[in-house]
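Beneath this line is the structure, given in structure tokens, with notes to follow.
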Amino acid sequence: MATIAKTDVVVVGAGIVGAATAHFLSQRRRRVTLIDARFPGFGASGRNGGFIWTHMRARGPQLELALASRAIFDEYARELDDFEFRPSGGMIYFFEHQRRLFEELVEERREAGLPMSLITREEARQLAPILPDNIAGATFNPLDAYMNTGMLVRSLALAAERHGATVLAGEKVTGLVLQGGAVRGVETSAGRIEAEMVVLTAGAWAAELLAPHGIDLPIGTERMQSIELGPSDIRFSPCVYGPLAIKIYNCVQGLPSYSDDLVTHPLERANPGVEFLEGISQRRDGRVVLGWPCDRSGHDDRTTMAGLAMTLGIFHEHVPAVKNLPVERSWACVLPTTADALPILGPVDGLKGLVVGAGHSFGNSGGPISGRLLAQLVNGETPAMDLAPYRWDRPSLKGDHEKPLRY
């Protein structure tokens, strides 16, 4: 196939990780080509509820990655085009029978180093008036924030272009170009792009590009479904989770009062294999986003009756203030997953010239710092964080990444 371009670095996949990588590299005056089969932010990055969520990140590398990203968002808010950034905190509401579990959760989170607090019903409803008066209270973390992630990805891509990067939308990468045992570019639907380095940030599709080269990248997939309601006159600023969400997080399982029964809804039991990451957010225009039923579907990004019924039924019960809002649209996305809920960042043995940044099940909270670390690695700098916990061949990746996701 004919060569259509030559560049220093090709970044494959224009989600939050890829766009952040291209942005940081372009700031370093590297010639960068950012390429996506559809357009920047088309995939999971453009189809989530906008949570920048440190609240429930597991201690260790996962939380470190999230906190480092959180600091970068403050830079983005000053430097990039608008992406609806709201540093207004995050909360998880709960009911009286769940109080002890949430008290234990706040204690554990404080020990992990987060500035968490348990707030009263009145305080919770002051921050999020859309919540009903029968809640018992909420956890609150001021570090959490909201954004329109699709807007952020587009802002990063535009900023990279202003620094000289090339953004190619609608071109599918079909394979890697190997010369002398090293990766020296990519084959695309339009032709070959030659490069000194390739950064693979294709999310749930990253493994497919490496499989022909004998590399088994241990990344699984999970579908996450969303519903968007029409604008609500009741405005709320924080990111809001409900109590059903917490069972999906690793830091909850060992709490003394934890049991599945406390945080599982009958609609989940009626739909085995679907877990509900109960969350609600509001866009600047007032529209309300509800979600998020999660299940294993391969690369199928269609919504299901089970997922939509679960979302509407639970929020009709838990947040009745939204029950008369019109349903404007629904969608799903495919999240990449790993057995230890950490992304893969760094080189892959046997493929010199390639760097991987994939497997981000919490891309909003890990994407910006991942982009900076990948850019530093490509640029020959010492990464700002130790990348050993994110190696592609770490032992913790050998678990079952097709089991129910635990973040």
Cα gyration tensor shape of segment 258-323, rounded if a/c is under 1.5, else prolate or oblate by comparing a/b with b/c
oblate
Give the shape of segment 151-226 as rounded, prolate or oblate, defined through the alpha-carbon gyration tensor: a ≥ b ≥ c are the square roots of its eigenvalues, a/c under 1.5 means rounded, and otherwise the shape is prolate if a/b is larger than b/c and oblate if not.
oblate
Could you identify which residue out of Cys251, Cys239, Cys333 has the top mean-square fluctuation in a GNM of the chain using Cα springs shorter than 10 Å?
Cys251
Size of electric dipole in segment 51-107: Cβ of Lys, Arg +1 and of Asp, Glu -1, about Cα centre, debye, nearest 20
260
Straight-distance crosslink candidates among aspartates and glutamates, where the alpha carbon sits under 20 Å from Lys398 and sequence neighbours closer than 8 are dropped:
Glu208, Asp216, Glu222, Asp340, Asp349
So, for the chain, what is the accessible surface per residue at a probe of 1.4 Å, expressed in square angstrom?
37
Percentage relative contact order, segment 1-160, counting C-alpha pairs under 8 Å, at least six apart
34
Using a Gaussian network model on the chain with a 10 Å cutoff between Cα atoms, which of Glu108, Glu268, Glu328 fluctuates the most?
Glu328
Over segment 1-48, what relative contact order in percent results from Cα pairs under 8 Å that are six or more residues apart?
43
About the Cα centre of segment 179-325, how large is the charge dipole given +1 on each Lys and Arg Cβ and -1 on each Asp and Glu Cβ? Please answer in debye to the nearest 20.
360
Give the aspartates and glutamates reachable from Lys6 as a straight Cα distance under 14 Å; neighbours fewer than 8 places away on the same chain don't count.
Glu187, Glu194, Glu196
Given the DSSP H assignment, sum -39500 (n - 2.57) over each helix run of at least 4 residues in the chain and divide by its residue total; what's the result at 222 nm in deg cm²/dmol, nearest 500?
-8000 deg cm²/dmol
Cut-off under 29 Å on the C-alpha distance; same-chain residues fewer than 8 positions from Lys323 excluded. Which lysines are left, in chain and number order?
Lys247
The chain: relative contact order as a whole-number percent, Cα under 8 Å and 6+ apart
24
Point-charge dipole on Cβ atoms (K/R +1, D/E -1) for the chain, about Cα centre, debye to 20:
740
If we sort 216-226, 252-262, 123-133, 307-317 on the protection proxy, mean other Cβ atoms within 10 Å, highest first, what's the order?
216-226, 307-317, 123-133, 252-262
Share of segment 253-346's accessible area from carbon and sulfur, percent, 1.4 Å?
54
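The values are calculated or read from the model by the stated rules, or taken from the named source; none is laboratory data. Owing to the predicted nature of the structure, the values given are computational and were not obtained by experimental measurement. With ideal geometry, Cβ positions are generated from the backbone for all residues, glycine too; neighbour counts draw on all protein chains shown. The accessibility values were calculated without ligands, DNA or RNA, using every heavy atom of the protein model including side chains. Shrake-Rupley method; radii C 1.70, N 1.55, O 1.52, S 1.80 Å.
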